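A single structure is presented below for examination.
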C-alpha cells in the first residue's frame with residue numbers, strides 16, 4: 001500500500017516542516033509492515049511538499065496510526081495535509097528495470113456492497 005500526503009508549506013516554514021516530516025518517518029519506520037518512506041518538495045512549486053510511505057498492507061498502516069509515537073509525530077503532521085484521497089493499492093511496480101506485479105486486497109463486490117450489508 002502506498003500513502004501519499006501532500007502539503008502546502010510556506011517557504012519560510014520549509015526547514016521546520018522537513019524536521020517534523022523526518023520525525024514522522026522515524027516513528028513510522030519502526031512499525032511492523034513499514035517498507036519505506038520519503039519526504040520531498042516540488043522542484044516547480046517550493047511550497048508544495050509530499051510525504052510518501054509504503055506498507056505491506058492497509059492493516060499495517062492503520063495499526064501504525066494507533067502507536068503513541070506515530071500519534072505524536074506523524075498524525076499531527078498528516079492532519080495538516082491536503083484533504084484528498086491518500087491511500088492507494090500498489091497494482092504494479094518496477095524495481096529498476098524489473099517489473100513486479102501488485103495485487104488487490106479489495107473484495108470482488110467492493111463496488112456494490114457496504115459494511116453491514118447482508119448477502120442475498
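Here's the yes/no breakdown for (1) in contact with a strand residue (DSSP E or B) (Cβ under 7 Å, 6 or more places away or on another chain); (2) part of a loop (DSSP other than H, G, I, E, B):
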residue: 3; (1), (2): yes, no
residue: 7; (1), (2): yes, no
residue: 25; (1), (2): yes, no
residue: 38; (1), (2): yes, no
residue: 51; (1), (2): yes, no
residue: 76; (1), (2): no, no
residue: 112; (1), (2): no, yes
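Let me ask something else about it. So for segment 93-103 (the condition being modelled with pLDDT of 70 or more and surrounded by 10 or more Cβ atoms within 10 Å (Cβ to Cβ)), does at least one residue qualify?
Yes - at least one qualifying residue is present in segment 93-103.
Kindly provide the set of residues from segment 6-34 that are free of Cβ contacts under 8 Å to residues at least 12 places away in the same chain and either under 17 Å from residue 46 (Cβ atoms) or surrounded by fewer than 11 Cβ atoms within 10 Å (Cβ to Cβ) (or both), ordered by number.
Answer for segment 6-34, where residues must be free of Cβ contacts under 8 Å to residues at least 12 places away in the same chain and either under 17 Å from residue 46 (Cβ atoms) or surrounded by fewer than 11 Cβ atoms within 10 Å (Cβ to Cβ) (or both): 12, 13, 15, 16, 19.
Look through segment 35-56, keep the residues that are touching a residue at least 24 places away in the same chain (Cβ under 8 Å) and more than 23 Å from residue 90 (Cα to Cα), and return whichever of them is surrounded by the fewest Cβ atoms within 10 Å (Cβ to Cβ).
Step by step, filter segment 35-56, then rank; the result is 46.
The values are calculated or read from the model by the stated rules, or taken from the named source; none is laboratory data. Note that the structure is a prediction, hence the values are computed from the model and not measured. Note: ideal-geometry Cβ built from the backbone for every residue, glycine included; neighbour counts use all protein chains shown.
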